[in-house]
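What follows is a set of notes on a single structure, which appears directly below.
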Amino acid sequence: MSTVSEPNQLTSEEKIRKFNELFETKMNRNFVLSNSVCVHCGMCVEACHYYEATKDPKNSPVYKSDAVRKIYKHRHDWLSRILPIWTGARQVETQEDLDRLKDIAWGSCTMCRRCTINCPMGVDTALLIRSLRSVLNAIGDAPEGVKQVCRDQYEVGNQMGVSRQDYVETIEWLGEEHADDVGDPAARIPLDKTGADVMYVVNPREVKYAPMTLLAVARIFYAAGENWTMPLEGWDNTNFGLFAGDDVLGGRMGRAMFEKAAQLGVKRVVVSECGHGFRATRWESPNWAKMGLTFPIVSILEVVEGYIREGRIRLDKSLNPAPLTYHDPCNLARSCGLTEEPRFILRQCVENFVEMYPNRADNWCCSGGGGAMSMSEYTERRLEVAKIKADQLRATGAQIVATACHNCIDALTDLIKRYKLGMKTATVCEVAARALALPEKPKAAVPVRRPLEQAIGAGVKILVADDDRDARTFIATVCEDNGAVVVQARNGNEALELARREMPDLITLDIDMPGKHGGEVYQALKDGSELAKIPVCIITGQPKLRGLIYDRPLPPPEGYLDKPTTDEEILLAVRKILSLSH
Ligand code: SF4
Ligand code: SF4
């Protein structure tokens, strides 16, 4: 069972003693090599987006790796043992030392490995940072967001704490949406089917916040005639063991998935679009889990590329006319070599593919890697250094940036808003699914969605709380056009008043509002009164304010959407919440 919260009990002295003990357990070949061979040539400096955005030498990779190297040298370098002042070697001795290391490990490096590929000596700074994180995590000096995600993976089995019941209900509901989407009442998303050719494992964000992406893949599998299933357990392809330096967690997540695949007797495990999820599942987890596997692990990108090459799916470029660029997720491009598959797919299904420079293994990090999206205390710094990525995106002139990673999607969405780029984000499979020609069907089975008012339910009452009149009117119109009765609130105080008076079936809630902000409204709604039963869907244009909702000791909202949002996204979220809450 998890021990992630227990080290918080340690005093400073105990932490320092334990830190120095645990540091010694990290002496594997790569760690020793990366600590020993740096010649301080400085070639890695301009490879780092933290340095490039700030020009602060303390943000250079060599400064960060030196923080680890100095501790290493203190014990393992003969010159440092004799003359530590000369070499700068030092032991961790004070709480300030720990605080400085914590800031470097969690707040100043996304473990993107761009510096690694630019180092002539082969120093892997990201590996040193992971080792440092591992020790800090073990003494309780990890950000609360990281601890929470680890706790959810240990205790619930997935990083967003999705219960088994919620998972099953969501997949069943998505199965019905999928049947509507492809116009085949028999189409479903199979759960725990034995003997399938494909076991598809996903990022929990897809189940909780981005069902469109799962629907897109279901559509592709349907068109290709794939024999697939999703597992009941071991379905989370992410693994915070990688970011937190926790090999025990890494092995536990890997084992859950691999044992399930073996039990179901599937032919291969296919990992959805998640950079670190694919790296962890394909390359790291089998080692952490100490398991020999009898099935291959592949990315959905490789699978879709195969479908196109084999003629199993047909794509129509004219359905994606807008200029589109591709962001290479660091973990896929630099650590897994998956650079050509997404480009091949996108070139088949968009009319105007624009390359981004630099790209492939030399691409800039989205700025949200290494678990950065879960550490709200570093949000401002993350967005400041995201300037490098923003400039790179702007130079493409594209209207859409596609990427094969859910974490990158969130980070790119944040920086697009901060730097007012006016671009949209999409996964590669979403773009492909839009261009997909479905198999011919008898006339009666031509894809027709259920009437939306039927899906939402006539007479359903929805409270739309948003101070932006355009956004409020858009959300309200979409809901009203589909059979809902809508009441509108222009600020937080009005939202609470209307919630008490109208007792709606659902509330869509903006965060950044005058008077009471969304976080205060949410707190008041969920404080234990009758109102607590009303499901809430956050719809915000300020994702950096998410902490006002999610950092509270309350159950998370039932739904979340980033603005600008589309009518389809709103309806999918509303349908999901209402069908699962009734
Ligand atoms: S490029 Fe490599 S050898 Fe040169 S300073 Fe950076 S880590 Fe050290
Ligand atoms: S791994 Fe990435 S973020 Fe970390 S120091 Fe290297 S270039 Fe910078």
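The values are calculated or read from the model by the stated rules, or taken from the named source; none is laboratory data. Being a predicted model, the structure only gives us computed values, none of them experimental. Backbone-built Cβ (ideal geometry, glycine too); neighbour counts: all protein chains shown.
Taking Ser529 as meeting all but one of (1) surrounded by fewer than 16 Cβ atoms within 10 Å (Cβ to Cβ); (2) within 27 Å of Met423 (Cβ to Cβ), write down the number of the exception.
It fails just one condition, (2).
Within the stretch 377-408, which residues are surrounded by fewer than 17 Cβ atoms within 10 Å (Cβ to Cβ), among the small types (Gly, Ala, Ser) and at negative phi?
Ala395
Do we have Val162 as away from ligand 1 (no atom under 16 Å from the Cβ), among the β-branched types (Val, Ile, Thr), under 26 Å from the mean Cα position of the chain (by Cα) and surrounded by fewer than 22 Cβ atoms within 10 Å (Cβ to Cβ) here?
Yes: the conditions hold for Val162.
One line per residue, one yes/no per condition, for (1) out of contact with any strand residue (DSSP E or B) (no Cβ under 7 Å at 6 or more places or on another chain); (2) over 28 Å from Glu226 (Cα atoms); (3) not assigned by TED's automatic domain parsing to the domain that holds Ala280:
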residue: Lys317; (1), (2), (3): yes, no, yes
residue: Ala322; (1), (2), (3): no, yes, yes
residue: Cys330; (1), (2), (3): yes, yes, yes
residue: Leu346; (1), (2), (3): no, no, yes
residue: Tyr357; (1), (2), (3): yes, yes, yes
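Given the conditions (1) of a type in the set (S, T, N, Q); (2) more than 16 Å from ligand 2 (Cβ to nearest atom); (3) surrounded by fewer than 20 Cβ atoms within 10 Å (Cβ to Cβ), which single one is not true for Gln153?
(3)
Within the stretch 91-106, can one find any residue that is in the same structural domain as Asn28 (by TED's automatic domain parsing), within 16 Å of ligand 1 (Cβ to nearest atom) and of a type in the set (D, E, K, R)?
no
How many residues does the stretch 102-123 hold that are assigned to a loop (DSSP other than H, G, I, E, B) and either buried (at least 21 other Cβ atoms within 10 Å of the Cβ) or in contact with a Ser or Thr (Cβ under 7 Å, 6 or more places away or on another chain) (or both)?
8
Name the pairs: first residue in the stretch 112-136 and among the aliphatic types (A, V, I, L, M), second residue within 11 Å of ligand 1 (Cβ to nearest atom) and in a loop (DSSP other than H, G, I, E, B), Cβ to Cβ under 7 Å, at least 6 apart or on different chains?
Matching pairs, first to second residue: Met121/Val37; Met121/Cys38; Met121/Val39; Val123/Val37; Val123/Cys38.
Scan the stretch 140-157 and give yes if some residue there is in contact (Cβ under 8 Å) with a residue 40 or more places away in the chain and in contact with a strand residue (DSSP E or B) (Cβ under 8 Å, 6 or more places away or on another chain), otherwise no.
Looking through the stretch 140-157, at least one residue is in contact (Cβ under 8 Å) with a residue 40 or more places away in the chain and in contact with a strand residue (DSSP E or B) (Cβ under 8 Å, 6 or more places away or on another chain).
Under 14 Å from Ile129 (Cα atoms) and out of contact with any Asp or Glu (no Cβ under 7 Å at 6 or more places or on another chain): is that true of Ala47 in this structure?
no
Which of (1) modelled with pLDDT of 85 or more; (2) out of contact with any helix residue (DSSP H, G or I) (no Cβ under 9 Å at 6 or more places or on another chain); (3) farther than 27 Å from Gly483 by Cα is the odd one out, the single condition Pro553 does not satisfy?
Just one mismatch for Pro553, condition (1).
For the stretch 264-297, which residues satisfy the criterion of being more than 19 Å from the chain's Cα centre (by Cα) and touching a residue at least 40 places away in the same chain (Cβ under 8 Å)?
Leu264, Gly265, Val266, Lys267, Arg268, Val269, Trp288
Among the residues of the stretch 527-549, how many are outside any helix (DSSP H, G or I), over 23 Å from the mean Cα position of the chain (by Cα) and modelled with pLDDT under 90?
Number of matching residues: 3.
A quick yes/no check of all residues on (1) in contact with a Pro (Cβ under 9 Å, 6 or more places away or on another chain); (2) within 21 Å of Cys408 (Cβ to Cβ); (3) within 16 Å of ligand 2 (Cβ to nearest atom):
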site: Ile82; (1), (2), (3): no, no, no
site: Thr110; (1), (2), (3): no, yes, yes
site: Gly140; (1), (2), (3): yes, no, no
site: Lys147; (1), (2), (3): no, no, no
site: Gly157; (1), (2), (3): no, no, no
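Considering each of Ala186, Ala210, Ala216, Ala223 in turn, give the residue that is surrounded by fewer than 20 Cβ atoms within 10 Å (Cβ to Cβ) and of a type in the set (A, V, I, L, M, F, W, C).
Ala186
Counting only residues that are within 16 Å of ligand 2 (Cβ to nearest atom), give me the helices (runs of 4 or more DSSP H) lying completely in the stretch 1-80 with at least 3 of them.
In the stretch 1-80, the matching helices (runs of 4 or more DSSP H) lie at 29-36, 49-54, 61-76.
Scanning for something within 16 Å of ligand 2 (Cβ to nearest atom), within 30 Å of Lys389 (Cα to Cα) and either loosely packed, with under 14 Cβ neighbours inside 10 Å or of a type in the set (Val, Ile, Thr) (or both), does the stretch 93-101 turn up at least one residue?
No, because not a single residue in the stretch 93-101 is within 16 Å of ligand 2 (Cβ to nearest atom), within 30 Å of Lys389 (Cα to Cα) and either loosely packed, with under 14 Cβ neighbours inside 10 Å or of a type in the set (Val, Ile, Thr) (or both).
What are the residue pairs meeting all of these: first residue in the stretch 472-486, first residue more than 21 Å from Met503 (Cβ to Cβ) and not assigned by TED's automatic domain parsing to the domain that holds Val460, second residue among the acidic types (Asp, Glu) and not in a helix (DSSP H, G or I), Cβ atoms under 7 Å, and 6 or more apart or on different chains?
The qualifying pairs do not exist here.
Find all pairs meeting these conditions: Cβ atoms under 7 angstrom apart; at least six residues apart or on different chains; first residue within the stretch 10-36 and assigned by TED's automatic domain parsing to the domain that holds Leu127; second residue surrounded by fewer than 14 Cβ atoms within 10 Å (Cβ to Cβ) and acidic (Asp, Glu).
Listed by first residue and then by second, the contacts come to Ile16/Glu93.
Do any helices (runs of 4 or more DSSP H) lying entirely in the stretch 407-519 carry at least 2 residues that are at pLDDT 90 or above, and which ones are they?
Ranges flagged: 428-434, 469-481, 492-502.
Please count how many residues of the stretch 26-50 are away from ligand 1 (no atom under 11 Å from the Cβ) and surrounded by 12 or more Cβ atoms within 10 Å (Cβ to Cβ).
Number satisfying all stated conditions: 8.
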